[in-house]
Amino acid sequence: MKIRDLPIDKQVIDLLAKEGLDELYPPQQHAIEAGVLSGKNLVLASPTASGKTLVAELCILQHILEHRGKTIYLAPLRALASEKFKEFQRYSAIKKPNGDYVRAGISTGDYDSSDPWLGRYDIILCTNEKADSLLRHKAPWMSELTLVVADEVHLLTEQNRGPTLEVVLTRLTEINPNIQVLALSATVRNAEEVGSWLKAGSVTTDWRPVPLKEGIYHDNQVQFRDGASREIVSGTKTPSLDIALDVLSTGGQALIFTETRRSAVEMGRKASVAVKSRLSKPEERALSTIAERILSAGEKTRLSEALAMQVAAGTGFHHAGLAGIHRGIVEDAFREGRIKVLAATPTLAAGVNLPARAVVISSYERYEAGYGRYPISVLEYKQFCGRAGRPKYDNFGEALLIARNPDESEWLMENYVLAQPEKLWSKLAAERVLRPHVLSTIAAGYAHSEDGLYGFFARTFYAHQYGPRLIKTKIGDILRFLFKEEMVLMEGKDLSATKFGKRVSELYIDPMSAVILRAGLYNRAKKMTDLSILHLISKTPDLAPRPRPRGGEVDKLGLLAEQRSDEFTYPIPTQFEDPVAYEEFLGELKAAQVLSDWIDERTEDQILETRKVEPGDLLRLVQGSEWLILATQELGRLFGHKDLLAPLEMLKVRLAKGVRPELVKLTTLEGVGRVRARMLYDAGLKSIDDIKERSLEQLMSIRTIGPSLAKRIKEQAGGLIKADEWEKAKKARPSDVEQQVVLTEYEDSE
């Protein structure tokens, strides 16, 4: 089927033609034939790179240009939402019937806002959690939506994030009965069942633009599912690396999925030794530049140094502990073909689009604290496989599992390569995940009675699969909890939220977190300090997972607890009477200690060395804590704890900036983060007025501050800059301008 024959606006056809798109892939054609451009709901399950996004884009533009509609595009991760947002920018040249141009907007943060400004956009991209938050705040433009695109819909079966997607889809179809639903995934075994829930048709296909060859490696041999085989030369004594080098020898790239972060770093190191000698001089120069970017972007840590060293040799590693800016550099370098072999943890498979000629799964097992080692699901294995094969570069893709013996080789072939992925099953009924959704349904006024509440949840995927009776029992238990904790009122058949319950729902925190925070604010510690608040927020389920104490840390944390026992808002559990609670307490205390290090201006490398918390994990911990401090502040305001509001505000800002109190005012200046603020302060510039009175030359005497930044800082401070002073500054120390650009990138990212 030709794109030019589709019933879509000529502007769209012309734009796609310029991009070289002329003919639809088979899955795209099947979706069109299923009526997706005629407003029919559809579950489209087809492999990665088979063109699902184009189907979504055609559908989106049809709604905007033909029906004057509005679309919400749901993505499971911020990185995916940002990736799609960049792709959709190319449609900003298309003119709507009213003469305006198509506009895309994105929002993935600030869960305590209805974001009314998003109403100006035709395409709104957000995470599932942000969409849930917008529904709780009853964003007025939500009622204008005519299309919802749910990307990676297989995550319905994921325990933590699946229920939110399920509730969002149920809610959107309830408030907009005529909304069109387009659900996308690479892997959905029971697409018809999901479609039945969404009143949608389904298209399921295995077609890929680049054929996939799945197989098992054992003893220098790869056995493929079609019976073919090939030999791999053993040169490194590491099977995954031998396969990667074999792929590299024919011009391909390899992704090696490892079980842990540590093994990803080690695999990248081993690969760097083997790959470096295979690089050309131009490749070495290009990689050296990328390595320098890694070292100059963000704080330098042993992790970033290890990454830069590997990247300079044409390899690298990728995991959630890396700083976001470093992950982005690695992803771009791999897409550009600069990095030849990338070792990654499974988080990459659920993240941004990063295809390779070969995907090597070095271990089919995972370790989880409290559960031990267990095999991954077939669904997760198939998601790994989806990364194999680069469109326009490869004639085929390979996905290989590593077997340790012949028996395991047969088992892997039968249980993974030849197996079907598991069905998607709703995880909504777990009390921990259901609790906030029950409260939000009442607090936002989507249900005003028990019958209305049961009626809403009877339309969920869980009720579709298991029947409404099971979830009704769970909801009853949660209602009793919410009533007991004074979040909801029950008067006869009527249900309503109290001020407390409504605010908790708007703040987008677990009701259990709110109960913990409320009790901590009332209990108070004998001596209320920053540690008191940091430990209090660390007790909440919203800050999980917390960093786990390791080895000798247990005794040190126990000693710290004794020394500062009068600073805790909750009693310290007794180690030998309740060892489980005591272990939990130590985990909370470690999280509080890491946050204390951060606001005490410890560097990322110092925190990595002393606490074993990596930069990416530190950032997530800090961001989660900022939100919980805000929630604590709001609850403090609600319950009359006025004396705590100012200390909480100071702590919130310090967490956001990672500074001691004396630097807070300096960090309000654009381009001045924790590193540069400390340099200014140590140079005697301790206030905004101090900066206002200094000359550009004096500001530029501080390392990393070049002419442009000095001018910007002084202007913000309210200082006057004479023309001759600026001309003189522009001619001084050009090397500092480069330093300024590098550090500003980091400072702004803070």
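Between V233, V153, the distinction of being in the same structural domain as S113 (by TED's automatic domain parsing) and either farther than 30 Å from Y454 by Cβ or not hydroxyl-bearing (S, T, Y) (or both) belongs to V153 only. Looking at this structure, is W627 surrounded by 23 or more Cβ atoms within 10 Å (Cβ to Cβ), among the aromatic types (F, W, Y) and either within 19 Å of L531 (Cβ to Cβ) or in the same structural domain as L560 (by TED's automatic domain parsing) (or both)? Judged against the criteria, W627 is not a match. Might you let me know whether region 49-66 holds any residue that is over 28 Å from K392 (Cα atoms) and among the hydrophobic types (A, V, I, L, M, F, W, C)? Yes, some residue in region 49-66 is over 28 Å from K392 (Cα atoms) and among the hydrophobic types (A, V, I, L, M, F, W, C). Against the test of being out of contact with any His (no Cβ under 8 Å at 6 or more places or on another chain) and more than 29 Å from K427 (Cα to Cα), the options D100, D110 yield a single qualifying residue, D100. Exactly one residue among E57, E19 is among the acidic types (D, E) and surrounded by fewer than 16 Cβ atoms within 10 Å (Cβ to Cβ), and that residue is E19. Of the residues making up region 450-497, just one is touching a Lys or Arg at 6+ places or on another chain (Cβ under 6 Å) and farther than 22 Å from H137 by Cβ, namely Y454.
Only one of the numbered conditions (1) under 18 Å from M528 (Cβ atoms); (2) crowded, with 21+ Cβ neighbours inside 10 Å; (3) among the β-branched types (V, I, T) is violated by I572, and that is (2).
Within region 514-532, being under 29 Å from the mean Cα position of the chain (by Cα) and either within 19 Å of K130 (Cα to Cα) or among the hydrophobic types (A, V, I, L, M, F, W, C) (or both) holds for A514, V515, I516, L517, L531. Of the helices (runs of 4 or more DSSP H) entirely within region 683-733, those holding at least 3 residues that are more than 27 Å from E299 (Cβ to Cβ), without any contact (Cβ under 8 Å) to a residue 40 or more places away in the chain and over 39 Å from the mean Cα position of the chain (by Cα) occupy 688-693, 723-730. Considering region 183-235, the qualifying strands (runs of 3 or more DSSP E), each wholly inside and each with 2 or more residues that are among the aliphatic types (A, V, I, L, M), run over 212-218.
Flag: L172 matches the condition of being farther than 24 Å from P27 by Cβ, touching a residue at least 40 places away in the same chain (Cβ under 8 Å), assigned to a helix (DSSP H, G or I) and in contact with a strand residue (DSSP E or B) (Cβ under 7 Å, 6 or more places away or on another chain). Could you tell me whether any residue of region 117-132 is within 20 Å of T53 (Cα to Cα), small (G, A, S) and outside any helix (DSSP H, G or I)? The answer is no, given that none of the residues of region 117-132 is within 20 Å of T53 (Cα to Cα), small (G, A, S) and outside any helix (DSSP H, G or I).
Within region 226-247, at least one residue is among the charged types (D, E, K, R), loosely packed, with under 14 Cβ neighbours inside 10 Å and touching a residue at least 12 places away in the same chain (Cβ under 8 Å). Filtering G492, G501 for residues that are farther than 30 Å from G195 by Cα and within 29 Å of the chain's Cα centre (by Cα) leaves a single hit, G501. Every listed requirement among (1) in contact (Cβ under 8 Å) with a residue 60 or more places away in the chain; (2) crowded, with 23+ Cβ neighbours inside 10 Å is met by I325 save one, (2). Could you figure out which of (1) of a type in the set (S, T, Y); (2) more than 25 Å from W197 (Cβ to Cβ); (3) out of contact with any Lys or Arg (no Cβ under 6 Å at 6 or more places or on another chain) isn't true of T53? Of (1) of a type in the set (S, T, Y); (2) more than 25 Å from W197 (Cβ to Cβ); (3) out of contact with any Lys or Arg (no Cβ under 6 Å at 6 or more places or on another chain), only one is false for T53: (2).
Anything in region 1-32 that is part of a loop (DSSP other than H, G, I, E, B) and of a type outside the set (F, W, Y)? List them, or say none. Answer for region 1-32, where residues must be part of a loop (DSSP other than H, G, I, E, B) and of a type outside the set (F, W, Y): M1, L6, P7, I8, D9, E19, G20, L21, D22, L24. Out of L586, L645, report the one residue that is aliphatic (A, V, I, L, M), modelled with pLDDT of 95 or more, touching a helix residue (DSSP H, G or I) at 6+ places or on another chain (Cβ under 8 Å) and within 25 Å of E562 (Cα to Cα). Unique residue meeting the criteria: L586.
Rundown of residues vs (1) in a loop (DSSP other than H, G, I, E, B); (2) at pLDDT below 95; (3) outside the structural domain of Q593 (by TED's automatic domain parsing); (4) under 16 Å from A519 (Cβ atoms), yes/no style:
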position	(1), (2), (3), (4)
I537	no, no, no, yes
P547	yes, yes, no, no
R550	yes, yes, no, no
Y570	yes, no, no, yes
F576	yes, yes, no, no
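The requirement of being over 17 Å from L169 (Cα atoms), buried (at least 19 other Cβ atoms within 10 Å of the Cβ) and over 15 Å from the mean Cα position of the chain (by Cα) is fulfilled somewhere in region 89-99, by at least one residue.
Within the bounds of region 19-30, is there any residue that is among the aliphatic types (A, V, I, L, M) and over 26 Å from the mean Cα position of the chain (by Cα)? Taking every residue of region 19-30 in turn, at least one turns out to be among the aliphatic types (A, V, I, L, M) and over 26 Å from the mean Cα position of the chain (by Cα).
Of the residues T744, T668, the single one that is under 36 Å from the mean Cα position of the chain (by Cα), among the polar types (S, T, N, Q), modelled with pLDDT of 90 or more and under 26 Å from L619 (Cα atoms) is T668. Out of curiosity, is L118 crowded, with 16+ Cβ neighbours inside 10 Å, within 21 Å of G39 (Cα to Cα), among the hydrophobic types (A, V, I, L, M, F, W, C) and within 24 Å of the chain's Cα centre (by Cα)? It is false that L118 is crowded, with 16+ Cβ neighbours inside 10 Å, within 21 Å of G39 (Cα to Cα), among the hydrophobic types (A, V, I, L, M, F, W, C) and within 24 Å of the chain's Cα centre (by Cα). At pLDDT 95 or above, surrounded by 15 or more Cβ atoms within 10 Å (Cβ to Cβ) and either touching a helix residue (DSSP H, G or I) at 6+ places or on another chain (Cβ under 8 Å) or not acidic (D, E) (or both), is that true of V594? For V594, the condition - at pLDDT 95 or above, surrounded by 15 or more Cβ atoms within 10 Å (Cβ to Cβ) and either touching a helix residue (DSSP H, G or I) at 6+ places or on another chain (Cβ under 8 Å) or not acidic (D, E) (or both) - is met. Among residues of region 100-115 being at pLDDT below 95 and of a type in the set (G, A, S), the one that is nearest to the chain's Cα centre (by Cα) is G109. From the list A358, A443, A388, the one residue that fits, being within 30 Å of Y111 (Cα to Cα), crowded, with 20+ Cβ neighbours inside 10 Å and in contact with a Gly (Cβ under 7 Å, 6 or more places away or on another chain), is A443. Taken over region 508-527, the residue count meeting the criterion of being more than 13 Å from G636 (Cα to Cα) and modelled with pLDDT of 95 or more is 6. Within region 713-734, the only residue that satisfies the criterion of being under 16 Å from G673 (Cβ atoms) and surrounded by fewer than 17 Cβ atoms within 10 Å (Cβ to Cβ) is Q716. Summed over region 565-613, residues that are more than 30 Å from G321 (Cα to Cα) and of a type in the set (K, R) total 0.
The values are calculated or read from the model by the stated rules, or taken from the named source; none is laboratory data. Nothing here was measured: the structure is a model prediction, and the numbers come from that model. Note: ideal-geometry Cβ built from the backbone for every residue, glycine included; neighbour counts use all protein chains shown.
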